[in-house]
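The values are calculated or read from the model by the stated rules, or taken from the named source; none is laboratory data. Only a predicted model underlies this, so the values are computations on that prediction, with no experimental measurement involved. Positions of Cβ are generated from backbone atoms using ideal geometry, with glycine treated the same way; all protein chains shown enter the neighbour counts. For accessibility, only protein heavy atoms count, side chains too; no ligands or nucleic acids. Shrake-Rupley method; radii C 1.70, N 1.55, O 1.52, S 1.80 Å.
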Amino acid sequence: MIEAAVVVTGVTKTFPVPFKRRSVLAVRDLSLRVDAGQVYGLLGPNGSGKSTTLKIILGLVAPTRGKAEIFARDSTEVASREAVGFLPENPYFPKYLTGAETLRFYGKLCGLSSRALTKKIQELLELVGLTSAGDRRLGGYSKGMLQRIGLAQALVNEPRLVVLDEPTAGVDPVGSREIRDLILDLKKRGITVLLSSHLLDQVQEVCDRVGILANGELVSEGAVNELLAVENQTEVVFEAGSEELTRQIEALINTAGGRLIDCRKSRKTLERLFLDVTLK
Amino acid sequence: MNPVRAGASHKAFSLDRIAAIASNTLTELTRLKVFYVLLLFACVLIGSSVLMARLSFQQEFQVLKDISLGAMSIFTSLLAIVATARMLPQDTEDRIVYTILAKPVPRFEYLLGKLLGVLLLLAISTLIMSALFLALLYSREHAALAATNRQMAGLPQEQLHAALQSIRDSTFNPDLLPGISVIFLKACLLASLTIFISTFATSQIFTVVVTVFVYFIGHLQGTAREFWLQGHSAGWLARTFLAVVALLFPDLQLFNLADEVVAGAAIPLAIFLKTAALGAFYTVIYLLFATAIFSAKEL
């Protein structure tokens, strides 16, 4: 059986409203499992409980009921975080530190020695494409660069699980593409990734499995390919075909008892167009 | 990438992690240019020495010590409160606290590291202010000795020696150091109190206001207690109330040893040790209270 990186069992979280008797329900009876090596996307509209769920998994917030585990360790245990790297939504890392100093600080928190860190910092800066900006203070970093240094600090302890809260929020399409590539790179190296997002196209592209939250409840969950497959429909894309060929295919479908639903010129996405013209 | 795995077993308490947080806090405060407050201190010293030109030597030294120790006390206290009050709200607002606590860092270590960073800042500031103050005192003493030598050149040696000795006695006395140490300890206590208040405060301004409030109560409570106990036949209710106030609010007047130092009176060792122990006790107690609240806090 595949090892579980994250197991959430029957988690409910309510936040009391100060000076009132009622409380706000953030997450209701949530159970989910993320297998080791998977890229799992937690989706949902704003206020659906995504960030609270991630915080519970990271032990930053205690569940009202239920429990969360990381590699079979209760996430309320500080030691469970040894295997984890976390990038919060819109992080503002210390502006007064340089990129390299930031990584050194977080590396020391993970118990890495100064000697090991010197080499590690260079590797990480290279990985996230910030080698030339390593000596600059974060105050002068762009949003995309901050996100990438955030990802580098999340990787400083060689985590087995990386948790990313809205990793591409506010980042331009080029930066967003780079972060997506980094996530795919992590997957290749066998690192489990749990991310939350509401940018559905990106999630579809990188995630193996998704869970959709609405009003604190998990309303849908499964493998991306299975969830998105439309029963009884097949897409055929071909190039260099004449109009005659298209007509023949339509006729063939009709003869075989099928029904042609749509037939149109393929279009590239707006993102692809943006990347093509800006990266020339 | 080459694997550089952290130690296989997690340490429940790590001095390395605390040192990393403390040095990061000190770097933050240094790069925020809080040391500029020391320039202000230097200006106070220079300004006061200009004003003292018309006083006699003995008066001048007394006033110089009075102003310097008073300014040191105010500056270190202000630095302790203002520098500490911004730390937790700022880290929470910037979500830095999430990235730190998502690493294997216990909350107690986070708070201790932050506090130690501020205490380091206070120690450096106190050292620099003391150096400035002692350098000025030394140079004024030197000038006074030279002037006395000139003025009393024709008088008998015994008289000259006595005059010079009197100048030396009124400048440096061994109680300056305990006096300065107590000022530092008071600032440590205030930093710890501020970090405690900021664990449940809703804003930075709330933390500063409450800490300043406690600061004044701390300074007034000793006087108020004496007045109350002398003027009224204190019943059990009043006594309990005063005991609770005394427990919650440190008697900061006890840390005011500057008057004795200025007057040249010796600070008995027992009094110094008692005051130092009280400062350390409150610093630790407030940190423990802060940990208790911060550990249960939803981030």
In Å, the C-alpha Rg and Dmax of the stretch B:150-299 are 21.8, 78
Rounded to whole Å², per residue accessible area for the stretch B:1-128 with a 1.4 Å probe reads 42
Too long for a 20 Å Cα-Cα cut-off, among B:Lys114/B:Lys274; A:Lys95/B:Lys114; A:Lys50/B:Lys11; A:Lys108/B:Lys11; A:Lys13/B:Lys114; A:Lys67/A:Lys187, are B:Lys114/B:Lys274; A:Lys50/B:Lys11; A:Lys13/B:Lys114; A:Lys67/A:Lys187
In the protein assembly as shown the DSSP beta bridges are antiparallel at a rate, in percent to nearest 5, of 55
Computed over the stretch A:4-228, the relative contact order (Cα-Cα under 8 Å, seq sep at least six) in percent reads 28
So the A/B interface buries, both sides summed and with a 1.4 Å probe, an accessible area in Å² (nearest 100) of 3600
Computed D for the stretch B:181-229, Stokes-Einstein, Kirkwood radius over alpha-carbon pairs, 10 °C, 1.306 mPa s, to the nearest µm² per second, is 134
Note: A:84-97 gets an average of partner chain Cβ contacts (10 Å, Cβ to Cβ) equal to 5
Computed on Cα atoms, the radius of gyration and Dmax of the stretch B:84-162 in angstrom are 25.8, 77
Quick calc: nm separation of the 7 Å Cα→Cβ label points for B:Ile46 and B:His142 -> 1.8
For the stretch B:1-124 the translational diffusion coefficient, Stokes-Einstein from a Kirkwood Rh over Cα pairs at 37 °C and viscosity 0.692 mPa s, in µm²/s, is roughly 189
Distribution output for chain A: share of Cα-Cα pairs per 10 Å bin in percent, first bin at 0, values 6, 24, 29, 21, 12, 6, 2, 0
Within the set B:Ala201, B:Ala19, B:Ala163, GNM on chain B using Cα springs under 10 Å gives the largest fluctuation to B:Ala163
Using the Kirkwood formula on alpha carbons, the hydrodynamic radius of the stretch B:130-237 in angstrom works out to 18.7
Applied in sequence order to the stretch B:11-28, the curve 6.51 cos²θ - 1.76 cosθ + 1.60 (Karplus, θ = phi - 60°) yields integer Hz couplings, x standing for Gly and Pro, of 8, 5, 9, 10, 5, 5, 5, 4, 4, 5, 5, 5, 6, 5, 5, 5, 4, 4
Length-normalised contact order of chain B, Cα under 8 Å, at least 6 apart, in percent, tallies to 26
Ranked by GNM mean-square fluctuation in chain A (Cα springs under 10 Å), the top entry among A:Arg28, A:Arg209, A:Arg247 is A:Arg247
Treating every alpha carbon of the stretch A:1-149 as one equal point scatterer without solvent, the Debye formula yields log10 I(q)/I(0) values at q = 0.11, 0.17, 0.18 Å⁻¹ of -0.57, -1.08, -1.12
Computed on Cα atoms only, the convex hull of the stretch B:38-191 has an orientation-averaged projected area in nm² of 10.8
For the stretch B:15-295 (alpha-carbon point model, no solvent) the Debye-based log₁₀ I(q)/I(0) at q = 0.07, 0.08 Å⁻¹ works out to -0.33, -0.42
With R₀ set to 22 angstrom, the calculated FRET efficiency between the beta-carbons of B:Ala131 and B:Lys33, to the nearest 0.05, is 0.65
In chain A, whole DSSP H helices that both stretch 15 Å or further along their axis by alpha carbon positions and average at least -1.0 on the Kyte-Doolittle scale are A:99-109, A:114-127, A:143-154, A:173-188, A:243-255
Expected output for the stretch B:282-299, residues with a loss of 10 Å² or more in accessible area relative to the chain alone at probe 1.4 Å, reads B:Glu298, B:Leu299
Heavy-atom accessible area of A:Glu226, protein chains in place, probe 1.4 angstrom, given in Å² to nearest 10, is 140
Among the Cα-Cα pairs of the stretch A:100-158, the proportion with separation greater than 12 Å, in percent, is 61
Among the Cα-Cα pairs of the stretch A:126-205, the proportion with separation greater than 18 Å, in percent, is 38
The stretch A:146-191 accessible area per residue, 1.4 Å probe, protein heavy atoms, integer Å², reads 29
With a ≥ b ≥ c from the Cα gyration tensor eigenvalues, square-rooted, and the rule rounded for a/c under 1.5, otherwise prolate when a/b > b/c and oblate otherwise, the stretch A:60-114 is oblate
For the stretch B:167-299 the mean separation of alpha carbon contacts under 8 Å (6+ apart) over residue count, i.e. relative contact order in percent, is 46
Listed residues B:Arg150, B:Arg140, B:Arg225; largest mean-square fluctuation, Gaussian network over chain B with Cα springs below 10 Å, found at B:Arg150
The Cα extents of the protein assembly as shown along the principal axes, largest first and rounded to whole Å, are 132, 63, 40
